[in-house]
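Encoded as structure tokens, the structure appears first; notes follow it.
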Ligand SMILES: [Zn+2]
């Protein structure tokens with residue numbers, strides 16, 4: 001199976017990319033990861049214990065077509081929802097971890113994602129373990145309306161409780177991190193990391209271009225741009241991610 | 001110049017006819033009081049017919065009505081000695097958000113909210129009520145000050161959403177919103193939120209985390225505009241009417257879903273036809289909730305607020321249909 005790099009156009013063999021943590025060998029383009037891959041690349045082997053695997057929400061607004069959309073996403077990803085949460089270790093340091101999967105309705109946050117994240121934050125608080133979240137999301141889940149919007153407040157409240165208890169929270173923004181997820185738990189990390197080239201912002205670039213009727217400058221809303229504007233602590237290459245996290249965990253662990 | 005919505009048209013025509021007939025009878029010295037009284041009665045009936053059977057899309061239009069009272073209108077109608085405070089102390093002063101100190105029903109309060117303009121010129125200046133990060137940061141500064149001096153906070157929500165533009169992104173729109181949500185969720189003074197017009201997505205929510213969420217009868221609150229929703233779902237913004245129904249964005253729907261605490265009535269015909277009447281309804285509701293919250297110690301207030309947000313959105317484990325308590 002051959003894959004074309006969306007950045008440099010190079011044709012890559014899928015096994016070669018997989019060996020390279022799904023980074024293009026030629027131009028360093030970071031391919032999007034599934035939650036499964038992210039956990040595998042991040043945690044010590046065999047250390048992961050999942051929380052709330054089967055936690056789901058209903059269709060609170062009876063939104064037309066939503067149940068079919070959910071069923072299709074479940075079928076395609078093998079996940080019940082857009083986030084996987086649990087605990088594990090990184091270089092021996094225990095963490096509570098959450099990983100969003102952008103294949104699942106663009107990693108959007110509805111009641112189940114908000115609830116799983118809030119529970120993860122509360123588990124981190126109860127055990128005084130650092131919380132680590134890998135974000136990949138287009139924002140709120142439209143089909144859940146204001147229920148979805150309120151998850152922004154719910155997750156922000158759970159993280160504020162964690163913060164007041166002085167338990168560290170590290171967020172890692174990956175491609176893409178936008179909308180109501182960026183504007184809630186995405187941007188609340190004590191330390192905020194990002195992967196190279198990740199799209200990060202409140203409004204997506206296409207909507208901005210339509211609104212202001214002009215082309216956006218090259219690199220706008222990319223991780224490097226946010227670093228320059230003071231919105232992030234570090235842009236970290238996927239190959240260095242684990243060692244950077246270990247270094248952070250050693251300093252921040254409560 | 002007043003603006004009328006399509007569905008208000010028959011009522012407006014009737015009102016015009018009454019005015020015409022009244023001035024005609026005065027001019028000519030004719031007694032048309034019987035006819036006029038009949039027309040007035042018909043107008044009242046028509047008002048009732050129109051305004052008690054509004055569709056979600058009509059509510060969207062009403063919530064955006066250019067003559068609808070704004071945050072500053074309500075502050076002036078409800079409060080004494082409002083003194084506007086300005087600036088975020090970081091970058092600038094955003095005219096899309098207003099706030100300051102005031103007195104409400106004999107108590108010192110902090111009031112703030114999104115501010116739309118009355119006409120094109122003012123709307124240009126106020127960016128149609130769409131804040132930049134500076135607006136959210138000004139609001140947070142005022143709320144932290146309210147906490148410092150032990151004053152309750154009243155916020156008014158009326159925005160199409162947070163502004164989407166280059167400067168807003170560069171200066172951290174998502175950071176500003178996220179920080180407001182986090183800090184408001186544990187602010188140690190009561191927060192009463194009143195949605196008076198459009199509650200547009202994250203930009204509305206950034207001023208709308210509180211102990212009580214009230215909505216005026218014809219206000220809306222939504223995760224996305226109906227136009228935006230229709231263009232994403234059906235690639236057709238003109239199907240906004242359908243989207244408005246699917247999104248459950250009316251005050252009545254949101255109360256039924258348990259997402260807000262109270263629907264505050266508006267005078268028949270909507271707040272824009274009788275702003276004093278609308279303000280009186282708000283005064284009663286805000287005061288009642290404020291009195292309930294005032295005696296609660298800060299720790300308990302924060303605990304209750306946390307529990308309130310923690311409950312939003314029932315979830316359950318697949319296979320068992322009962323709701324899990326958070
Ligand atoms: Zn490449």
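Taken as a whole, the range A:62-74 holds no residue that is under 20 Å from the mean Cα position of the chain (by Cα) and in a loop (DSSP other than H, G, I, E, B).
Just one of the listed residues (A:242, A:222) is touching a strand residue (DSSP E or B) at 6+ places or on another chain (Cβ under 9 Å), surrounded by 16 or more Cβ atoms within 10 Å (Cβ to Cβ) and more than 24 Å from residue A:106 (Cα to Cα), and it is A:242. Taken across the range A:107-115, residues that are part of a loop (DSSP other than H, G, I, E, B) and either more than 7 Å from every other protein chain (Cβ to nearest Cβ) or crowded, with 24+ Cβ neighbours inside 10 Å (or both) do occur, with at least one present.
Going by the conditions given, is residue B:228 surrounded by fewer than 24 Cβ atoms within 10 Å (Cβ to Cβ), under 20 Å from the mean Cα position of the chain (by Cα) and within 9 Å of chain A (Cβ to nearest Cβ)? It is true that residue B:228 is surrounded by fewer than 24 Cβ atoms within 10 Å (Cβ to Cβ), under 20 Å from the mean Cα position of the chain (by Cα) and within 9 Å of chain A (Cβ to nearest Cβ). Restricting A:124, A:118, A:136 to residues that are in contact with a helix residue (DSSP H, G or I) (Cβ under 8 Å, 6 or more places away or on another chain), part of a helix (DSSP H, G or I) and away from chain B (no Cβ under 14 Å) narrows the list to A:124. Within the range B:41-53, the set of residues being in a helix (DSSP H, G or I) and within 13 Å of residue B:269 (Cβ to Cβ) comprises B:43, B:44, B:45, B:46, B:47, B:48, B:49, B:50, B:51.
Take the range B:180-206 and flag every residue that is within 8 Å of chain A (Cβ to nearest Cβ) and without any contact (Cβ under 8 Å) to a residue 40 or more places away in the chain. Answer for the range B:180-206, where residues must be within 8 Å of chain A (Cβ to nearest Cβ) and without any contact (Cβ under 8 Å) to a residue 40 or more places away in the chain: B:181, B:182, B:205. Say whether the condition of being over 20 Å from residue B:313 (Cα atoms) and either within 11 Å of chain B (Cβ to nearest Cβ) or in contact with a strand residue (DSSP E or B) (Cβ under 8 Å, 6 or more places away or on another chain) (or both) is met by at least one residue in the range A:75-87. Yes, some residue in the range A:75-87 is over 20 Å from residue B:313 (Cα atoms) and either within 11 Å of chain B (Cβ to nearest Cβ) or in contact with a strand residue (DSSP E or B) (Cβ under 8 Å, 6 or more places away or on another chain) (or both). Residue check: residue A:154 meets all listed conditions (1) facing chain B (nearest Cβ under 8 Å); (2) not in a helix (DSSP H, G or I) but one, namely (2). Of all the numbered requirements in (1) surrounded by fewer than 24 Cβ atoms within 10 Å (Cβ to Cβ); (2) within 11 Å of another protein chain (Cβ to nearest Cβ); (3) closer than 30 Å to residue B:50 by Cβ, residue B:166 misses one, and that requirement is (3).
So in the range A:198-254, with the set limited to residues that are touching a helix residue (DSSP H, G or I) at 6+ places or on another chain (Cβ under 6 Å) and farther than 24 Å from residue B:162 by Cβ, which one is farthest from the other protein chains (Cβ to nearest Cβ)? The selected residue is A:236. Evaluate the following for residue B:219: is it more than 12 Å from chain A (Cβ to nearest Cβ) and crowded, with 24+ Cβ neighbours inside 10 Å? Yes; evaluated as a whole, the condition is true for this residue.
Considering the range A:188-197, and only residues there that are within 11 Å of chain B (Cβ to nearest Cβ) and not in a helix (DSSP H, G or I), the residue that is farthest from residue A:154 (Cα to Cα) turns out to be A:192. Just one of the listed residues (A:136, A:123, A:118) is farther than 24 Å from residue A:166 by Cβ and modelled with pLDDT of 95 or more, namely A:136.
Residue-by-condition table, conditions (1) modelled with pLDDT under 95; (2) within 14 Å of another protein chain (Cβ to nearest Cβ):
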site: B:291; (1), (2): no, no
site: B:297; (1), (2): no, no
site: B:307; (1), (2): no, yes
site: B:310; (1), (2): no, yes
site: B:319; (1), (2): yes, yes
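For the range B:80-94, a residue qualifies if it is surrounded by fewer than 19 Cβ atoms within 10 Å (Cβ to Cβ) and in a loop (DSSP other than H, G, I, E, B), and the qualifying residues are B:85, B:86, B:87, B:89, B:90, B:91, B:92, B:93. Within 11 Å of chain A (Cβ to nearest Cβ) and on the phi > 0 side of the Ramachandran plot - does that describe any residue in the range B:263-273? No, that holds for no residue. Scanning the range A:91-104 for residues that are under 19 Å from residue A:80 (Cα atoms) and crowded, with 24+ Cβ neighbours inside 10 Å gives A:97, A:98, A:99, A:100, A:101, A:104. Here residue B:66 fulfils each of the conditions (1) under 19 Å from residue B:221 (Cα atoms); (2) part of a helix (DSSP H, G or I) apart from (2). Looking at residue A:185, is it at the interface with chain B (Cβ under 10 Å from one of its Cβ atoms), within 28 Å of residue A:90 (Cα to Cα) and touching a residue at least 60 places away in the same chain (Cβ under 8 Å)? When the stated conditions are applied, residue A:185 passes them. I'm trying to understand the selection: among the residues of the range B:128-167, which are over 30 Å from residue B:291 (Cβ atoms) and either out of contact with any helix residue (DSSP H, G or I) (no Cβ under 9 Å at 6 or more places or on another chain) or in a loop (DSSP other than H, G, I, E, B) (or both)? B:128, B:130, B:131, B:132, B:160, B:161, B:162, B:163, B:164, B:165, listed by residue number.
Within the range A:225-248, being part of a helix (DSSP H, G or I) and under 16 Å from the mean Cα position of the chain (by Cα) holds for A:238, A:241, A:242, A:245.
The values are calculated or read from the model by the stated rules, or taken from the named source; none is laboratory data. Since the structure is predicted, the reported quantities are computational estimates derived from the model, not experimental observations. Virtual Cβ from ideal backbone geometry, glycine too; neighbours counted across all protein chains shown.
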